[in-house]
Amino acid sequence: MLSLHRSSLLAAALALLLICAIYAGAGAVKAAHAWHWMDIVGEGGTAVMSGVWFMLTLSSRPRGLVTRLLAGGLCAIMLGSWADCLDEFFAVGKAQLWDNWLEALVPFGMLVLTVGMYYWRQEQFCLNEHLQKRERLFRDHRAFDRITQLAGADYLRGQVRAEQARSPAKACALALLDIDRFHLINREFGQREGDRVLQAVGHMLLLNLRNDDLLCRYAGDRFAVLMPDTGAAEAEALARHLCFMVGQMLHHAKDAPVRLTLRHASAAAGAAPEALLAELGRQLSAPAAAAAARAAA
């Protein structure tokens with residue numbers, strides 16, 4: 001994970017060396033008897049521990065806003081404490097204010113760290129919601145697919161029939177979602193990376209479902225969402241939202257960014273599951289077939 005943050009690590013190391021060079025060049029070395037060991041231990045210890053937390057944060061998180069805020073705040077605290085510690089070894093004239101600005105990095109870092117912890121808290125709420133949905137999925141619907149840990153097409157058909165039989169008078173909808181150019185991802189990056197894409201898309205879809213919706217892996221790169229008590233217009237809006245959220249993902253394959261987009265088709269689940277899924281499949285395939293025909297022409 002640290003390999004993702006080489007630039008941040010290099011910048012922090014250079015900043016530490018730069019602060020040392022500034023104090024060595026602009027300050028006068030104090031005699032050993034003038035050192036205050038309690039201050040050195042306290043300020044130096046704060047710098048060391050902040051540096052350790054900085055490294056732990058980068059080694060355990062991917063890149064993103066929350067990581068930048070947490071690591072940036074800890075780095076600022078480390079640099080400010082380091083400058084405060086060097087102040088015990090070098091005498092700086094009171095007329096010079098640059099050392100005060102360096103030491104002011106500590107409260108600034110605490111502010112940045114606090115903002116980062118706020119966003120981290122929001123992130124944890126989203127993750128907990130995702131885990132609750134996945135727990136419900138495992139509890140209520142046995143998973144069949146080994147890659148995505150989602151139910152398969154046969155289970156989906158059974159649930160459509162069960163929903164139609166349970167509430168024949170209530171609206172119910174089904175949406176089919178297809179990953180664009182998925183075969184190119186498999187061809188360029190390999191099947192293992194394609195499996196990672198399926199898992200990532202499955203996680204994002206599951207995170208954005210309502211509690212009563214059922215997500216299944218229908219076939220290949222296609223996912224299906226069964227939406228009880230949902231009309232066709234609402235299902236279309238929800239399917240568009242799911243496609244939008246997947247489009248916002250930042251996925252990396254072998255350190256190369258991969259843009260993921262979905263096509264969708266949705267309809268009221270009033271027909272037999274086989275006929276309904278076949279019709280949705282034709283709707284998804286129609287744009288691709290038209291594009292291929294235009295390219296051939």
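Take S60 and tell me if it is open to solvent by 50 Å² or more (accessible area, probe 1.4 Å), modelled with pLDDT under 85 and among the polar types (S, T, N, Q). So S60 fails the test. The requirement of being touching a residue at least 60 places away in the same chain (Cβ under 8 Å), more than 20 Å from L242 (Cα to Cα), crowded, with 17+ Cβ neighbours inside 10 Å and within 24 Å of the chain's Cα centre (by Cα) is not satisfied by I179. Report whether or not R196 is at pLDDT below 85 and either open to solvent by less than 40 Å² (accessible area, probe 1.4 Å) or not polar (S, T, N, Q) (or both). Considered against the rule, which asks whether it is at pLDDT below 85 and either open to solvent by less than 40 Å² (accessible area, probe 1.4 Å) or not polar (S, T, N, Q) (or both), R196 comes out as no.
Look at region 58-75: where a residue is more than 14 Å from S7 (Cα to Cα) and a partner is open to solvent by 30 Å² or more (accessible area, probe 1.4 Å) and hydroxyl-bearing (S, T, Y), sitting 6+ places away or on another chain with Cβ atoms under 7 Å, you get L65/Y119; V66/Y119; L69/Y119. The set of residues in region 1-26 being among the hydroxyl-bearing types (S, T, Y) and surrounded by 12 or more Cβ atoms within 10 Å (Cβ to Cβ) consists of S8, Y23. Counting only residues that are aliphatic (A, V, I, L, M) and either open to solvent by 80 Å² or more (accessible area, probe 1.4 Å) or farther than 14 Å from R210 by Cα (or both), which one in region 116-146 is modelled with the highest pLDDT? Applying the filter and picking the extreme gives M117.
Consider G73 carefully, then state whether it is closer than 30 Å to Q122 by Cβ and either hydroxyl-bearing (S, T, Y) or crowded, with 17+ Cβ neighbours inside 10 Å (or both). Yes; evaluated as a whole, the condition is true for this residue. In region 48-59 there is no residue matching the filter, namely being within 22 Å of A104 (Cβ to Cβ) and either touching a Pro at 6+ places or on another chain (Cβ under 9 Å) or basic (K, R) (or both).
Tell me the strands (runs of 3 or more DSSP E) entirely within region 207-271 that contain at least 3 residues that are crowded, with 20+ Cβ neighbours inside 10 Å and more than 17 Å from the chain's Cα centre (by Cα). Give the derivation first.
On the way: elements: 214-219, 222-228, 251-253, 256-258, 262-268.
Output list reads 214-219, 222-228, 262-268.
Taken together, the residues in region 183-193 that are touching a Leu at 6+ places or on another chain (Cβ under 9 Å) and surrounded by fewer than 18 Cβ atoms within 10 Å (Cβ to Cβ) amount to 0. The condition (being within 13 Å of C20 (Cα to Cα) and out of contact with any Lys or Arg (no Cβ under 7 Å at 6 or more places or on another chain)) is satisfied by just one residue among L74, L65, L86: L86.
Filtered by the rule that a residue be at pLDDT below 90 and within 25 Å of the chain's Cα centre (by Cα), region 1-54 gives M1, L2, S3, L4, H5, R6, S7, S8, L9.
Considered as a group, the residues in region 27-46 that are in a helix (DSSP H, G or I) and open to solvent by 50 Å² or more (accessible area, probe 1.4 Å) include one that is farthest from D255 (Cα to Cα), and that residue is H33. Restricting attention to region 150-176, the residues being at pLDDT 85 or above, assigned to a loop (DSSP other than H, G, I, E, B) and either open to solvent by 50 Å² or more (accessible area, probe 1.4 Å) or farther than 30 Å from E193 by Cβ (or both) number 1.
The values are calculated or read from the model by the stated rules, or taken from the named source; none is laboratory data. What you are looking at is a predicted structure, and each value in this text was computed from that prediction instead of being measured. Cβ atoms come from the backbone with ideal geometry, glycine included; neighbour counts cover every protein chain shown. Note: accessible area is taken over every heavy atom of the protein model, side chains too, but ligands, DNA and RNA are not part of it. Shrake-Rupley method; radii C 1.70, N 1.55, O 1.52, S 1.80 Å.
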